[in-house]
Amino acid sequence: MTLLEIKKYPDPVLKEQSVEVVTFDDELGKLLDNMLETMYASNGVGLAAPQVGILKRIAVVDVSREGTNPLVFINPEIIAKAGKVKSEEGCLSIPDYRDTIYRSATVTVRAVDRKGKKFEVEAEELFSMCLQHEIDHLDGILFTDRLSRLKRELFKRWFLKQQQENG
Ligand code: ZN
């Protein structure tokens, strides 16, 4: 397996729309395994394909914290949602930044697995937040895009300051 390079904000690939997966072959399987390994190596609970520069509708998730429940969501769709909760989030593409946004409390997601077989999950709490976060990536949306206008300005200032300090 291979560790993939995680694209960092403000890489323009993170703003792109991803396309549906139509071919379920060995190459896809390899990509999924590499994405999972990259996610675990970065201590993430989710990773979307655009974050490794691949504009396909794929997300991998493991909210078990022990790395024991790797899940693959291909062509995922939120088919039902309910409630509204605060969600404190970070993103592997925006290292060292965390902030609080609003998300739906529960979501039902329909997707296909690595073999192309359909399945549905109902998710709540961290699993729900994570799925909404990763599915956003497939539409070019970062969690910072969901901040209030004021907080988004603060984020931009934080980012510029960080760039100056590191540059
Ligand atoms: Zn993210």
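Look at the alpha carbon pairs under 8 Å that are at least 6 residues apart: their mean separation over the length of the chain gives a relative contact order of 23 percent.
Over every Cα atom in region 55-112, the radius of gyration and the widest Cα-Cα span, Dmax, amount to 13.2, 32 Å. Residue 134 sits with roughly 10 Å² accessible to a 1.4 Å probe, with DNA, RNA and ligands left out of the calculation. Using a cut-off of 21 Å between Cα atoms, the listed pairs 56/118; 8/161; 8/86; 7/117; 86/151; 84/156 include 8/86; 7/117; 84/156 as exceeding that distance. Within the chain, which is the longest segment that contains none of the trypsin sites (Lys or Arg not before Pro) sitting in a DSSP loop with at most 11 other Cβ atoms within 10 Å? With a cap of 11 other Cβ atoms within 10 Å, the longest stretch comes to 1-64.
Accessible surface area normalised per residue over the chain is 57 Å², counting heavy atoms of protein chains with a 1.4 Å rolling probe.
When 108, 2, 144 are compared by accessible area at a 1.4 angstrom probe, the order from most to least is 2, 108, 144. When a 1.4 Å probe is rolled over the protein heavy atoms, the share of accessible surface on region 1-71 that falls to carbon and sulfur comes to 50 percent. Report summary: the helix-based calculation at 222 nm, which adds -39500 (n - 2.57) for every DSSP H run with n ≥ 4 and divides by the residues of the chain, gives -9500 deg cm²/dmol. Scalar couplings 3J(HN,Hα) for region 109-119, obtained by applying the Karplus form with A = 6.51, B = -1.76, C = 1.60 to θ = phi - 60°, are 10, 10, 8, 10, 8, 5, 9, x, 8, 5, 8 Hz; x denotes Gly and Pro.
The P(r) of region 1-105 has a tail past 19 Å containing 49 percent of all C-alpha pairs.
Where does helix 125-138 land angle-wise versus the long Cα axis of the chain, in degrees 0 to 90, nearest 10? Tilt relative to the chain: about 90 degrees. Assuming a viscosity of 1.306 mPa s and a temperature of 10 °C, what translational diffusion coefficient in µm² per second does Stokes-Einstein assign to region 15-167, Rh being the Kirkwood radius over Cα pairs? Answer from the Stokes-Einstein relation: 99 µm²/s.
Which FRET efficiency, nearest 0.05, do residue 120 and residue 69 yield, Cβ-Cβ r, R0 22 Å? The computed FRET efficiency comes out at 0.85.
Our summary of shape: the Cα atoms of region 118-167 have principal axis extents of 46, 23, 19 Å, ordered from largest down, in whole angstrom.
The values are calculated or read from the model by the stated rules, or taken from the named source; none is laboratory data. If you're wondering where the values come from, they're calculated on a predicted model, not measured in any experiment. Positions of Cβ are generated from backbone atoms using ideal geometry, with glycine treated the same way; all protein chains shown enter the neighbour counts. Heads up: the accessible areas ignore ligands, DNA and RNA and are worked out on the full protein's heavy atoms, side chains in. Shrake-Rupley method; radii C 1.70, N 1.55, O 1.52, S 1.80 Å.
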